[in-house]
Structure formats: structure tokens, C-alpha cells
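Every read-out reported here was derived from the displayed coordinates using simple, explicitly stated rules and does not represent laboratory data. It should be emphasised that the depicted structure is a prediction, and the values quoted were computed from it without experimental measurement. Ideal geometry is used to build each Cβ from the backbone, glycine not excepted, and the neighbour counts take in all protein chains shown.
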Amino acid sequence: MSDMRLTTVEGGEAILKETTVEAFRSSLRGELLARGDDGYASARKIWNGQITRKPGLIARCTGEADVMSAAQFARENGLLVSVRGGGHAVNGNALCDGGLMIDLAPMTAVRVDPSKLLCPIAPFITEEVWQEALGHKGHSVHQVPWPDYDEALAKAEVITMMVQVNGKLRDRVTVPAGIDEQELRETVLAREKVQKYLNNKPVRKTIVVLQRLINIVVN
């Protein structure tokens, strides 16, 4: 795969390096398809066959993490986006031309949680699911203890920070939640979008607001 040209939300063209696209691909559990790839034609197929728009990329999401990654990728690169659910709309809104299609069709699983969290809201249906669907006959879901709060599970593994140059928002970057300031500076300064705004000017200082933003001050 070489550098890829994709349509932006303003109708222009963004040229993405192969490494950028491959990094996005590796962040997904589902497939990332480009024109010419096996499976691309069937993935872009919708009910109204007269719609001929062809996305530049199709992210076949298998869960909410994939959807978040796709949305983040589109936002960081200013891409035109369409979202496919069932693909039955007559006007073909599921397809964009040259941008990123976020395909929700592979997300067909349903996860049932019959815990105490739902019991006060829907006591009868949760009892039926608990005993009939999940096989806990003779043991009421209302006798199940409340789930324990696990602070470690609630912590975010990655965060998205704003990147400013001389106080103006120029980029966003997703980094590990525990990243230190030095590594954050190196990561941000290596980004092509940031380098464009630095324009080879020396960096006077960087201001970091942990887990929120980094501001690069140049002459």
C-alpha cells in the first residue's frame, strides 16, 4: 500500500501516509478495507444499488472500541465520514465518496446483563432472562449481590489531549494515560501536523496540563 488520498469533510483531499493508515488498521479488531481489497465490494454494497459512491476506506467495526478508533482517526485527519447500519436508506447515506465509511454491520452480538443494575428498572424481564435464558432456575436475580466497584477497571488506558501551538488548537493526540511529560513532548513534536505549524521555528517552551492539553510556544 502506498500513500492514500481521501476526501476531507470540506470536500478537499487529504494525503495519508501508509504508516498512518497501517497504525489505524492495527488499532481495529475488525477489518479495514481499501478499494481493491478482497471484501471491499461486498462491504460497500447497500440496498439501493443505484448509489455508486465509493468510500476510500471502510472500517468494519466489531465493537464500540472500533467505532471510537474510527471516529478518532476521521477527526484527526479531517475526513469525510459516513456510517452504515443496515444500509437500507433509499438515498444511500451509508456511503460517502472517497472518505471513511464506519460500518456497523458486523456488530450483531447482544450482551445481556441481568445484574442488580437493571433489576430496579425492569424487575420482571431481568428475572425472566436470569432464570430462563441464562439457566439460573430457582435462584432469583434479586438475590444476587450488587457488583463490586473496581477502581482499576474504571481507569482509562488512553486519553486524547489537545495540541496547541502558540495557544491555538492545531491537533489532537491519543496517548497512554500514564505518559510522562518528556515522552508526551517527543510524541507531539514528531507529528507531521504539528511540524507544519512549527515551520522549523525553535521551540521556546512547552506547557503541559496533564491529561488535557499541551501548548507549544515558538518564536
Original post:
What number in nm² do you get for the chain if you take the convex hull of its Cα atoms and divide its surface by four?
Top reply: 16.9 nm²
Original post:
Glu192 versus Met107, label points 7 Å from Cα toward the beta carbon: distance in nm?
Top reply: 2.9 nm
Original post:
Which of the GluC sites (Glu not before Pro) across the stretch 1-82 are loop residues per DSSP, with 11 or fewer other Cβ within 10 Å?
Top reply: Glu10
Original post:
Once fully extended, how much extra length lies between Asn93 and Ser42, figured as 0.36 nm per residue of separation less the alpha-carbon to alpha-carbon distance?
Top reply: 16.7 nm
**OP:** Under a 10 Å cutoff between Cα atoms, tell me which one of Ala177, Ala133, Ala14 has the largest fluctuation in the Gaussian network model of the chain.
**Re:** Ala133
Original post:
Quick one: helix 64-77 against the long Cα principal axis of the chain, what's the angle to the nearest 10°, folded into 0 to 90?
Top reply: 20 degrees
Original post:
Given the options Gln164, Gln50, Gln131, which has the most mean-square fluctuation in a GNM of the chain, springs set between C-alpha atoms less than 10 angstrom apart?
Top reply: Gln131
Subject >> Karplus 3J(HN,Hα) series, Hz, for the stretch 128-138 with 6.51 cos²θ - 1.76 cosθ + 1.60 (x for Gly, Pro) >> reply: 5, 4, 4, 8, 8, 6, 9, x, 9, 4, x
Original post:
What is the dipole size for the chain, taken about its Cα centre, with +1 at each Lys and Arg Cβ and -1 at each Asp and Glu Cβ, in debye to the nearest 20?
Top reply: 960 debye
**OP:** Mind telling me which of Ile159, Ile51, Ile121 comes out most flexible in a GNM of the chain, alpha-carbon contacts under 10 Å?
**Re:** Ile121
**OP:** Could you tell me which GluC sites (Glu not before Pro) in the stretch 139-219 are loop residues by DSSP with no more than 10 other beta carbons within 10 angstrom of their beta carbon?
**Re:** Glu157
Subject >> Structure-based [θ]222 nm, the chain - -39500 (n - 2.57) summed over DSSP H runs of at least 4, per residue, nearest 500 >> reply: -6500 deg cm²/dmol
Original post:
How many lysine pairs does the chain hold where the Cα atoms are under 19 Å apart and the two sit 8 or more places apart or on different chains?
Top reply: 11
Subject >> Per DSSP, loop chymotrypsin sites (Phe, Trp or Tyr not before Pro) in the stretch 1-92 with at most 15 further Cβ within 10 Å >> reply: Trp47
**OP:** Would you be so kind as to identify which of Asn91, Ile15, Asn77 lies farthest towards the positive end of the dipole of the stretch 4-103, taking Lys and Arg as +1 and Asp and Glu as -1 on Cβ and the Cα centre as origin?
**Re:** Asn91
